[in-house]
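What follows draws every value from the coordinates through simple rules; no lab data is involved. Computed from a prediction, not measured in an experiment: that's the story for all the values here. Methodologically, a virtual Cβ is constructed for each residue, glycine included, from the backbone with ideal geometry; neighbour enumeration extends over all protein chains shown.
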């Protein structure tokens, strides 16, 4: 075997037999969970999430209260945190050590192509794209991929704790302002009137090009806001890279580590559930009954994320792999499933060929749509992978990254 042959084999896409089950399983969990958060952004104007002074235009009944509470407690920020950690692990898996002169350029090409996918996704289809943000943040984080696991974990954990603490302080401050709606309105540079909200909904419901104009405006706004999230995302990527190097994300840490993180995250989750129920049960426009404590508990979402990871790994380790295994095919097609979620949801809510549901489904109704997409992706992912080695968008991304066609049929990739 020549030196060129060795280099070519080292730079080949990962073989099916070499895939890490826990990473695929966790990606599957992440891609399904993220839709529980994103559904609102597909179905309603971004102002409802960026402007706390707006009263939501749906009934404040028990079903909708439970729906919003469940999203905030179990989904909000938990799956974005998980995606960021897993992305950090993938940076090392693809790029290797920083001194690797062959795999470094490969990683750079992969991230640049991801950025292009993100631009097209965000500005042509749906403003809530995260791919572009991950691409440019990954180009920064890749510099640290030769750090030791200990250094990566400590740096990522300390930075994440710092940002969580700042978020908690801000939540307490906002909680004290909540009793004065006029003060809160004056302090919000992105305040939206009910009339403006109705106009945005009308534009989306009118179909193309009104929906596209609104999507472009929202995309510009969100991408500018995403620049402020670079330190937070980078910290989570560093943490994820360190946890992978240490064996935590691949399921090789001692059982007591997973149990400890499970208990700590569960305590945070229980406190968040309690305060959030008080918050969402309050009448619209009423002062925050938790005085900001709901926001404080929500600021430590990465702890809950790590408890989810720990629970899934413990289930896999102690006889429930058949349960967690259903997530792995979804994770192997995470890129395709992420983009197809957009295609499905935009079709339903504002694409010209869809039913134009934008601004019509309350949170409780949205969960029915989310559940339908979950079922579809849990079914089609293993069916597709029974014939093909990867998802169609994974295949396209790899072909572009490697600069050549890679096998797609399963029998060719074995």
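Based on other C-beta atoms within 10 Å, arrange 402, 350 from fewest to most. Display every interim value, and only then the final one.
On the way: 402 15, 350 28.
Neighbour counts put them in this order, fewest first: 402, 350.
May I ask for the distance between the Cα centers of segment 113-131 and segment 206-273, given as a whole number of Å?
18
Taking the Cα centroid of segment 31-90 and of segment 281-313, what is the distance between the two, rounded to the nearest whole Å?
With segment 31-90 and segment 281-313 each reduced to a Cα centre, they are spaced 12 Å.
Show that you can apply the helix-only estimate: for the chain, add -39,500 (n - 2.57) for every DSSP H stretch of four or more residues, divide by all residues, and state [θ] at 222 nm to the nearest 500.
On the way: 21 runs with 285 residues, N = 414.
Computed ellipticity for the chain at 222 nm equals -22000 deg cm²/dmol.
Distance from a point 7 Å along Cα→Cβ of residue 124 to each backbone N in segment 301-341: keep the residues under 16 Å and list them by number.
Output list for this probe position: 336, 339-341.
By how many degrees, between 0 and 90 and to the nearest 10, does the Cα long axis of helix 194-205 differ from the longest principal axis of the chain?
Orientation of helix 194-205: about 50 degrees from the principal axis.
Let me check I have the definition right: for segment 284-395, take the eigenvalues of the Cα gyration tensor, multiply each by 5, take square roots. What are those semi-axes in whole Å, largest first?
Working: eigenvalues 180, 137, 27 Å².
So the three semi-axes of segment 284-395 are 30, 26, 12 Å.
Give me the angle, in degrees from 0 to 90, between the Cα long axis of helix 301-317 and the longest principal axis of the Cα atoms of the chain, rounded to the nearest 10.
Roughly 50 degrees between the two axes.
Less than 15 Å from a label point 7 Å out along the Cα-to-Cβ axis of residue 97: which backbone N atoms in segment 124-157 qualify, by residue?
Those under the cut-off are 144-149.
What relative contact order, as a whole-number percentage, does segment 22-413 give when Cα pairs under 8 Å and 6 or more residues apart are counted? Spell out each step's value before the answer.
Details: 550 pairs, mean separation 119.7, N = 392.
Once divided by the residue count of segment 22-413, the mean separation gives 31 percent.
When 394, 195 are ordered from fewest to most other Cβ atoms inside 10 Å of their Cβ, what list results?
Values: 394 20, 195 8.
Placing the least packed residue first, the sequence is 195, 394.
Listed highest first by mean packing, meaning other Cβ atoms within 10 Å per residue, what order do 77-86, 246-255 come in? It would help to have the intermediate numbers written out before the result.
On the way: 77-86: 25.0, 246-255: 16.4.
Most protected by this proxy first, the peptides run 77-86, 246-255.
Nearest 0.05, what FRET efficiency do residue 282 and residue 323 give at R0 = 30 Å with Cβ-Cβ as r? Intermediate results must be reported in sequence, preceding the final value.
Values: r = 37 Å, r/R0 = 1.23.
E between residue 282 and residue 323, to the nearest 0.05, is 0.20.
Based on other C-beta atoms within 10 Å, arrange 68, 49, 101 from fewest to most.
On the way: 68 22, 49 13, 101 8.
Lowest count first: 101, 49, 68.
By how many degrees, 0 to 90 and rounded to 10, does the Cα axis of helix 230-245 deviate from the longest principal axis of the chain?
40
What does the highest-first list of 119-125, 29-35 look like by mean Cβ count within 10 Å? List each step's numbers first, then the result.
Working: 119-125: 17.4, 29-35: 23.3.
Answer by packing, highest mean first, reads 29-35, 119-125.
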